[in-house]
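Report on the following structure.
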Amino acid sequence: MAAPEKSSASTYGTLGMWCGMRDDCISARAVFDFAPRRRRSPFLGPRPFTARDESLFFGRSDEIRVVRGLWRRNRLTILHSDAAAGKTSLLGAGLIPGMRADNADVLPLGRATSCQVWPVAALPGHNPYVLALLSSWAPEESPGRLVARSIDEFIRDRQALYRDGERALIFAAVDQAEAFLRPSEPVEGHRRRLLDELFETLDRRPNLRLLLAVRSDYLDDLRHEVKDAGLPECAEYHLRPLTPEAAADVVRRSAQAMRLHCPPAEVEELLEELRAIRDESGRVSRLTRAIDPLLLQVAGAHLWRDPPGHEQFDSARLRAEVERALTDWCGRTLAAAAAEHELPPHELESWLRRTLLRRGRPGTAPAAGITDAFLHSLEDRHLITGARHSAGPCLRRQRLLAPLGRLDAGQWPSPSQEPAALLCAAMRARAAGEPGRAGRLAREAARVCPPKEIRVHADIETLLGNLGYEQRWLDEAAARHLAAATLYETLNDCTSVGWALAAIGRISLVQGRRGRAIEHMMAAVSRIPNDPVVRIGLGQVLAGEVVDQ
């Protein structure tokens, strides 16, 4: 998630530690006092840059130019890198906004997984991967119109918008392709169909330029899929982390954007600290060749949040603050993963020390409770890599050995109790084929959801309705969807109300309650009369057809 570009932007937050304004009469302390009143921090933390952050996005102009050329010239382009090297930021804050500025037809950044909740009972037979992808490409479009369309039909309809049948190029990108390259029994058919639809569309639509962004450890899997699809040879680009020289240049450019001056020696000291691999005694055993963007982002966010005064700064203080930032991030990451997967912290800490902290020795087999879903979770949080390898997972960056070694599970921070975050965790558990864990996470999200967060609460009820429907607890499923409809009603969201009522109608038909099914389907049509899925559902209910998943 964090990106080299992020590091570039983030780096100048670090300047608050050392930098004076260009006017030499303004002291470093004045900068610290003034900084909170300036625009938002250039450090985004461990999240990708988006189009909103374009003005803070530095350090990738060469990469943008090269990838733009590949994307324009090739039917299929694969952008790959190590985790957290900046693929999402490169696309979302650099490549896509720049191409749109040149009047290219570029779809929003696509994702085949989503935290958006749809009532599955209202959508018999739909493919959640395809619906998530089309919804990300067309966020303003009604899901009812998207669910009936294939990827090929979506691109065909997009092309039909051009005047005189002009065959202009359509640029479409799909981020985090590893999410649908992982075999998963509960969704294997959907995953397979998504890949088939993508490659069939690419074959049929010569004006489509498709870019797939994937982590490098899944590159061979993607190449295999491309070869099996019989596609012509595609272009590939390997996005690498920042070199020390490039990172230093990013710091200087970012400082200029904030009207700051940074002494080169002090910037170099920060970057060297982020490259330092230390032995058990704390001595530097070697320096990595590149600057890890995520670690720079994490350290920068910490230093910007509480910058010390210039007179307080020295090398030892810098090292201590960087170590504290990385240790805190590791603790938060592990605490969140343990809570999501219901692992006792001390059990996770024991596994961590047996596997990840063996300083280069092969890891051991996962312990009980360390599931594939959990390892994928740590991969997606950018802590480990190689979860599928026979030798076991390993740390993504050796720089984290020392911070992880200092962690004590008894002192991990409490995981976030944000209802939206818990809802996303519940959806990931459902996708992983763990409905029990998904239900517990969703109910906890409902428990902590404040009354003012009506939409989040409604989405939680929808997810609980989906889980009930899939486990054939039909009365509970209907009750949950009714609760969701009531909440959506207070938001005047007629589309969501209509879909919730349609779900109740289909559930009622499965239960043999045809009169109740007709009543709810007619109410759904009254809310969204032009929704094709709801209208078809009413026809099926009137005909007494049970279309179930």
Among Pro451, Ile384, Ser414, the residue whose Cα sits farthest towards the positive end of the charge dipole of the stretch 364-480 (+1 at Cβ of Lys and Arg, -1 at Cβ of Asp and Glu, taken about the Cα centre) is Ile384
Quick numbers on the stretch 203-273, Rg and Dmax over C-alpha atoms in Å, give 20.1, 56
Counting only protein heavy atoms and rolling a 1.4 Å probe, one gets per residue an accessible area for the stretch 77-145 in Å² of 29
Descending accessible area (1.4 Å probe), largest on the left, turns Arg319, Arg289 into Arg289, Arg319
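What is the Cα radius of gyration of the stretch 80-162 over 2.2 N^0.38 Å, N being its residue count?
Working it through for the stretch 80-162, the quotient is 1.24.
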Out of Ala301, Val214, His238 - ranked by how far each Cα lies towards the positive end of the dipole of the stretch 208-302, with unit charges on the beta-carbon of charged residues - the top one is Ala301
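How big is the convex hull of the Cα atoms of the stretch 144-297, per residue, in Å³?
222
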Length gained if Ala543 through Ser315 is fully extended, taking 0.36 nm per residue and subtracting the Cα-Cα distance, is 74.4 nm
Counting only protein heavy atoms and rolling a 1.4 Å probe, one gets per residue an accessible area for the stretch 481-527 in Å² of 40
Rounded to the nearest Å, the spacing of the alpha-carbon centers of the stretch 419-492 and the stretch 495-533 is 19
Each label sits 7 Å from Cα toward the beta-carbon; between Arg472 and Met522 the label points are separated, in nm, by 3.1
Checking rank on 413-422, 349-358, with mean other Cβ inside 10 Å and highest first, the result is 349-358, 413-422
By the mean-Cβ-within-10 Å protection proxy, highest first, 171-184, 270-283 rank as 171-184, 270-283
In nanometres, the difference between 0.36 nm per residue of separation and the alpha-carbon distance of Asp203 and Arg358 is 51.1 nm
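What's the FRET efficiency of Ile454 with Ser285 using the Cβ-Cβ distance as r and R₀ = 41 Å, to the nearest 0.05?
0.15
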For the stretch 120-251, the percent of accessible surface on carbon and sulfur atoms (probe 1.4 angstrom, ligands and nucleic acids excluded) is 46
Note: Asp328 to Ala101 extended length (0.36 nm per residue) minus current alpha-carbon separation gives 77.8 nm
For the stretch 399-468, the percent of accessible surface on carbon and sulfur atoms (probe 1.4 angstrom, ligands and nucleic acids excluded) is 54
Counting only backbone N atoms under 15 Å from a point 7 Å out along Cα-to-Cβ of Glu153, the residues of the stretch 527-545 in range are 531-537
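The values are calculated or read from the model by the stated rules, or taken from the named source; none is laboratory data. This one's a predicted model, so the numbers in the text were calculated from it and none came from an experiment. Neighbour counts run over all protein chains shown; Cβ positions are idealised from the backbone, glycine included. These area figures cover heavy atoms from the full protein model, side chains too; ligands, DNA and RNA do not enter into them. Shrake-Rupley method; radii C 1.70, N 1.55, O 1.52, S 1.80 Å.
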